[in-house]
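The values are calculated or read from the model by the stated rules, or taken from the named source; none is laboratory data. Only a predicted model underlies this, so the values are computations on that prediction, with no experimental measurement involved. Glycine gets a Cβ as well: all are built from the backbone with ideal geometry, and neighbour counts include every protein chain shown. The area values use the complete protein model at the heavy-atom level, side chains included, leaving out ligands, DNA and RNA. Shrake-Rupley method; radii C 1.70, N 1.55, O 1.52, S 1.80 Å.
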Amino acid sequence: MKKITIAIDGHSSCGKSTMAKDLAREIGYIYIDSGAMYRCCTLFCLQQGLISPDGTIDTAEFERRMPEIHVSFRLNPETGRPDTYLNNVCVEREIRTMEVSSFVSPVAALPFVRAAMTAQQQEMGREGGIVMDGRDIGTAVFPNAEMKVFVTASDEIRAQRRYDELIAKGEQAVFQQVLENLRERDRIDSTRAVAPLRQADDALVLDNSHLTIPEQKQWLLDRFIERTHPQTP
Ligand code: CDP
């Protein structure tokens with residue numbers, strides 16, 4: 001059976017990646033976290049001193065050095081999940097910090113960053129058989145994806161989930177800062193000029209504010225089965 005392309009978009013911290021990873025594992029597809037790619041670009045800027053303390057990005061130098069950024073994903077045999085590598089160094093932990101979160105949306109709004117990442121994402125998904133999550137997957141990266149899902153949840157619930165995740169990883173986190181960061185990222189992501197976050201016209205909408213992880217997993221699997229085994233009338 002032909003493998004399809006599945007695009008999962010939505011707001012910050014709404015559990016898209018958990019859903020997408022679980023689904024990919026269940027159906028034997030490749031999972032790609034497009035947000036991790038923008039986080040790698042941001043980490044690169046921070047490591048190379050391309051973001052000044054007041055948040056100004058040296059865009060001319062960044063654009064010149066963009067070809068130096070290579071993002072890849074490798075399966076971690078211990079967790080059974082893919083880890084993110086920036087230029088062959090595992091940065092799975094470094095890209096999830098609040099520092100990276102606080103600069104990622106301005107970095108991801110830069111047209112040359114989007115062009116480079118979109119081209120890499122399209123190449124990764126050329127053969128189908130992928131689940132990719134992000135902000136613009138169903139609208140800009142794979143507008144012809146056979147299955148598109150737009151996920152959201154209330155901002156307080158999303159902030160609580162992200163806060164719990166950071167604390168569980170031993171990071172320092174303050175709930176109010178996490179909430180403000182995700183509101184600000186949603187604002188920048190939705191209003192940027194290139195490929196803003198928006199629901200594709202043909203996306204299925206899922207508000208998972210009150211769903212458990214097993215419930216959302218089942219919802220997604222049911223939608224996948226409907227798409228790939230349509231009932232004959
Ligand atoms: O984990 P969380 O949902 O908070 O964010 P993420 O998926 O890791 O994405 C981090 C940031 O990357 C987003 O806030 C966007 O600014 C940007 N992004 C994007 O612009 N386009 C995508 N396809 C994915 C992420």
Simple spin-label estimate for Val174 and Arg126 in nanometres, 7 Å along Cα-Cβ: 4.8
Met1-Val205 FRET efficiency (beta carbon distance; Förster radius 45 Å; 0.05 resolution): 0.95
Relative packing of peptides 187-193, 34-40, 216-222 - highest average C-beta neighbours within 10 Å first: 34-40, 216-222, 187-193
Cut-off 10 Å between beta-carbons: net charge of the residues surrounding Tyr31, Lys and Arg +1, Asp and Glu -1: 0
Summed side-chain charge close to Glu146 - residues other than Glu146 whose Cβ falls under 13 Å, Lys, Arg +1, Asp, Glu -1: +3
Probe 1.4 Å - accessible area at His70, Å² to nearest ten: 110
Accessible surface, 1.4 Å probe, highest first, among residues Glu184, Glu78: Glu78, Glu184
Per-pair calculated FRET efficiency, R0 = 25 Å: Asp83 and Asp58 via Cβ, rounded to 0.05: 0.30
Full-stretch length increase - Glu226, Ile157 - with 0.36 nm per residue and alpha-carbon distance subtracted: 21.9 nm
Label-point separation, Gln48 to Leu75 (7 Å along Cα→Cβ), nm: 3.2
Candidate residues Arg93, Arg161: accessible-area rank, largest first, probe 1.4 Å: Arg93, Arg161
Antiparallel %, DSSP beta bridges [both residues in the stretch 5-224], to 5: 35
Helix 34-47 axis, angle to the chain major axis (alpha carbon atoms, nearest 10°): 10
